[in-house]
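Take a look at the structure set out below.
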Amino acid sequence: MSDYQEYLAEREQIDLLIGEGYQIEHVTENLSGAFVDFKSKKAGDMKQLHIKTADGRKYFSVILINRNR
Amino acid sequence: MADLNTNLAGIKSPNPFWLASAPPTNSGYQVQRAFEAGWGGAVWKTLGDPILNVSSRFAAVSFNGQRVAGFNNIELITDRPLEVNLKEIYETKKKFPNHAIIASLMVEPKQEKWHEIVKRVEDVGIDGLELNFGCPHGMAERGMGSASGQVPELVEKQTYWTKEAAKTPVIVKLTPNITDITVTAESAVRGGADAVSMINTINSLAGVDINTWNTIPHVGGKGAHGGYCGPAVKPIALNMVAECARNPLINVPISGIGGISNWQDAVEFMLMGATGVQICTAAMHHGFRIVEDMIEGLSNYLDEKGLASVNDLVGKSVARYSDWGELDLNYKIVARINKEVCINCNKCHIACEDTSHQCIDMLQDSNGRPYLRVREDDCVGCNLCSIVCPVDGAIDMVELKSDLPPMTWNERQSAIGLLRQRNTVK
């Protein structure tokens with residue numbers, strides 16, 4: 001899978017969680033990329049995505065910035 | 001026709017093209033020939049205690065048929081008594097009153113030494129002084145030139161001493177042989193400099209003769225590091241000028257130096273904040289008359305741009321030069337190959353496949369003709385294919401509209417930091 005395809009898959013997963021009412025709760029970045037914790041606004045449960053592509057890391061950052069605005 | 005007159009910290013010149021302090025400005029004969037050819041100013045070869053030189057002084061680096069891509073020298077400052085130089089400066093100034101003559105100076109880092117030379121030089125009617133804190137070879141071994149130019153306190157102190165005695169504007173010429181040139185530029189400003197100039201030459205060894213194992217150049221079988229200049233150093237110089245131009249603490253005019261070979265180079269330096277430029281290697285390579293093309297080219301360029309004066313260029317690109325952390329991470333360009341122009345040499349494919357991001361495919365059309373195509377989704381816009389492409393117009397780098405808003409690294413990190421902060425508070 002090309003980087004771009006991998007990014008699209010990551011973006012889809014992020015969009016899915018956001019669509020289900022999750023929001024970014026915590027971001028851990030390390031040598032393996034970014035681990036983004038999402039928390040459901042209603043149920044309060046957590047889900048984690050391992051974002052490996054550079055474009056994916058840009059994408060969740062945009063969501064985070066937009067939320068802060 | 002646009003006005004080419006410049007005024008650098010009070011030093012007026014009929015155009016922005018000055019000869020830098022170097023072998024071309026060693027004597028009155030040379031400087032007068034230069035002014036006759038059209039140069040607006042000249043920084044006289046550095047005055048100080050007359051030195052002894054060695055034989056075999058210059059070397060050049062040629063690259064792929066381009067002669068003098070870089071130039072290296074181990075010549076020191078003037079080897080002529082001060083009186084001889086002053087007499088010739090006086091005569092030259094008398095003959096060319098509207099041209100700028102700046103005296104480059106280098107003495108030991110002692111107050112009385114600076115006071116003495118400043119007074120004697122100003123007596124003959126020079127337009128300004130340039131303190132040579134940059135010469136990296138020979139004189140540096142004696143505590144002068146770049147040796148004192150690498151110590152911010154010495155830059156400040158010597159500038160201050162010069163200003164105590166000087167009646168004309170003082171330009172401080174900085175060495176690039178330092179991690180951050182803005183540190184010494186700030187020191188010069190604190191010492192009272194009216195302007196700064198950069199860059200002096202970069203420590204260098206032009207080469208080693210693989211047959212004789214001698215250095216290039218060598219002096220009877222021995223070599224020493226020299227100062228590197230010429231077209232190869234231009235990007236280094238341009239960055240240093242730009243870094244100083246965008247630093248609010250360096251609020252004095254800049255005289256740009258370093259690999260300027262034509263009017264286009266001069267325009268680039270001026271856009272990045274230089275009020276004027278100094279040139280040496282190009283004149284040593286092609287002679288004084290290259291200034292004719294520079295003046296004509298600059299003048300036509302200004303007319304085409306609708307600018308009334310060359311001064312309208314100064315600093316216009318500075319605001320566009322920032323830190324990496326302020327660049328838009330979501331800005332996207334991709335390569336696009338024009339099949340009609342491409343000669344199918346495959347250099348772009350090889351470069352991309354071997355050393356970049358593997359996104360140029362070698363394909364065949366329905367008639368079996370080969371062609372190259374970029375997979376734009378995978379292209380990161382690195383520019384490498386267009387850089388190695390030998391045919392103008394075969395590859396365009398085109399901007400793609402992003403579906404994401406602009407976002408800088410600093411904005412991103414600040415958003416993640418804010419999230420962390422919130423979690424800590426919870």
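The values are calculated or read from the model by the stated rules, or taken from the named source; none is laboratory data. Everything numeric in this text was worked out from a predicted model, so none of it was measured. Every residue, glycine as well, gets a Cβ built from its backbone with ideal geometry; the counts of neighbours run over all protein chains shown. These accessible areas exclude ligands, DNA and RNA; they are computed on the full protein's heavy atoms, side chains included. Shrake-Rupley method; radii C 1.70, N 1.55, O 1.52, S 1.80 Å.
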Q.
All but one of (1) of a type in the set (A, V, I, L, M, F, W, C); (2) more than 14 Å from chain A (Cβ to nearest Cβ); (3) outside any helix (DSSP H, G or I) hold for B:C385; state the number of the condition that does not hold.
A. (3)
Q) Would a scan of the range B:149-165 turn up a residue that is farther than 21 Å from B:N247 by Cβ, among the hydrophobic types (A, V, I, L, M, F, W, C), touching a residue at least 24 places away in the same chain (Cβ under 8 Å) and open to solvent by less than 20 Å² (accessible area, probe 1.4 Å)? A) yes
Q. For the range B:394-404, what are the residues that are open to solvent by less than 80 Å² (accessible area, probe 1.4 Å) and within 12 Å of chain A (Cβ to nearest Cβ)?
A. B:S402, B:L404
Q. For the range B:76-126, which residues satisfy the criterion of being closer than 18 Å to B:G10 by Cβ and open to solvent by 40 Å² or more (accessible area, probe 1.4 Å)?
A. B:P97, B:N98
Q: Look through the range B:405-418, keep the residues that are surrounded by fewer than 18 Cβ atoms within 10 Å (Cβ to Cβ) and within 7 Å of chain A (Cβ to nearest Cβ), and return whichever of them is nearest to B:L327 (Cα to Cα).
A: B:P405
**Q.** Residues being buried (at least 20 other Cβ atoms within 10 Å of the Cβ) and under 18 Å from the mean Cα position of the chain (by Cα) - total across the range B:301-318
**A.** 2
**Q.** Which listed residue is in contact with a His (Cβ under 6 Å, 6 or more places away or on another chain) and either touching a residue at least 12 places away in the same chain (Cβ under 8 Å) or facing another protein chain (nearest Cβ under 10 Å) (or both), from B:V391, B:V380
**A.** B:V380
Q | All strands (runs of 3 or more DSSP E) inside the range B:175-287 with 2 or more residues being open to solvent by 30 Å² or more (accessible area, probe 1.4 Å), touching a Leu at 6+ places or on another chain (Cβ under 9 Å) and of a type outside the set (S, T, N, Q) | A | none
Q. Cβ-Cβ below 6 Å, separation at least six or inter-chain, first residue in the range B:306-335 and away from chain A (no Cβ under 14 Å), second open to solvent by less than 60 Å² (accessible area, probe 1.4 Å) and not hydrophobic (A, V, I, L, M, F, W, C): which pairs?
A. B:V310/B:P16; B:V314/B:T275; B:G315/B:G273; B:V318/B:G273; B:E326/B:T408; B:I333/B:G381
Q) What pairs can you find where one residue is in the range A:1-27 and closer than 17 Å to B:L404 by Cβ, the other is outside any loop (DSSP other than H, G, I, E, B) and open to solvent by 40 Å² or more (accessible area, probe 1.4 Å), and their Cβ atoms are less than 6 Å apart, with a gap of 6+ or different chains? A) A:Y7/A:D55
Q. Given the residues A:E12, A:E25, which is the only one that is within 18 Å of B:S414 (Cα to Cα) and open to solvent by 20 Å² or more (accessible area, probe 1.4 Å)?
A. A:E25
Q | Where B:L298 falls short, out of the listed (1) in contact with a helix residue (DSSP H, G or I) (Cβ under 8 Å, 6 or more places away or on another chain); (2) assigned to a loop (DSSP other than H, G, I, E, B); (3) open to solvent by less than 80 Å² (accessible area, probe 1.4 Å); (4) closer than 22 Å to B:G256 by Cβ | A | (2)
